[in-house]
1. What residue, of Phe47, Phe52, is closer than 25 Å to Phe93 by Cβ and aromatic (Phe, Trp, Tyr)?
2. Which residue pairs have Cβ atoms under 7 Å apart, sit 6 or more places apart or on different chains, and have a first residue in segment 36-61 that is free of Cβ contacts under 8 Å to residues at least 60 places away in the same chain and a second that is open to solvent by 70 Å² or more (accessible area, probe 1.4 Å)?
3. Do you know which residues across segment 62-82 are part of a loop (DSSP other than H, G, I, E, B) and open to solvent by less than 50 Å² (accessible area, probe 1.4 Å)?
Amino acid sequence: RSFAENGRSLLALRGMMERANARAWDDYATNRRKIMLVSAMVDAMVFAIIVFATVILLYTISRPFAQLRGAARAMGEGEILDSRRIDGRYLEFRTIAERLESTSRELRRREEELRLQTEKALAASRHKSDFLAKMSHELRTPLNSIIGFSDLLAEQEKTISSEKRVGFLENVGNSAKHLLALINDLLD
């Protein structure tokens, strides 16, 4: 074969190779676009699933937290917590709600005990005040009699007849005995 024929054969072969390469590149580019499109669709679906799962997770977790916050606020205002009103799909939230409910009931019980003790203390204080007022009067009356007759005896020692003196001293003695009886009763 001649040099020219070999050259033409090489050129024809080169042309065939370039056409084959061009077709291969076109096939590759087409396949690449298809793969990229499928990949983008899969990515979009995964992203949508993640967003959906996040929203669901936030809803299922934030809702019980919001309910617990509301229940704690209501407890602060004096209401009794009912743990059944808290979304109980998760053991942890149910446990927290039950613990809050038992705490709420215990606080109510203690509050009632304190209220009753306060009422008893106030009643005891009133009784004590009444008792002291009555005892003060009862103790002062004979003591004032003793002081009054003693002062009269001291001031009018020279002008008092002996019969009046005996009467004053009997009054002092009777008042002293009465005062002693009151003190003994009080101590008993």
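1. Values: Phe47 fails: closer than 25 Å to Phe93 by Cβ.
None of the other options fit; the residue is Phe52.
2. Thr60/Arg89
3. The answer is Gly78, Leu81, Asp82.
The values are calculated or read from the model by the stated rules, or taken from the named source; none is laboratory data. Since this is a predicted model, take the numbers as computed values, not measurements. Here the Cβ is made from the backbone with ideal geometry for all residues, glycine too, and neighbour counts use every protein chain on show. The accessibility values were calculated without ligands, DNA or RNA, using every heavy atom of the protein model including side chains. Shrake-Rupley method; radii C 1.70, N 1.55, O 1.52, S 1.80 Å.
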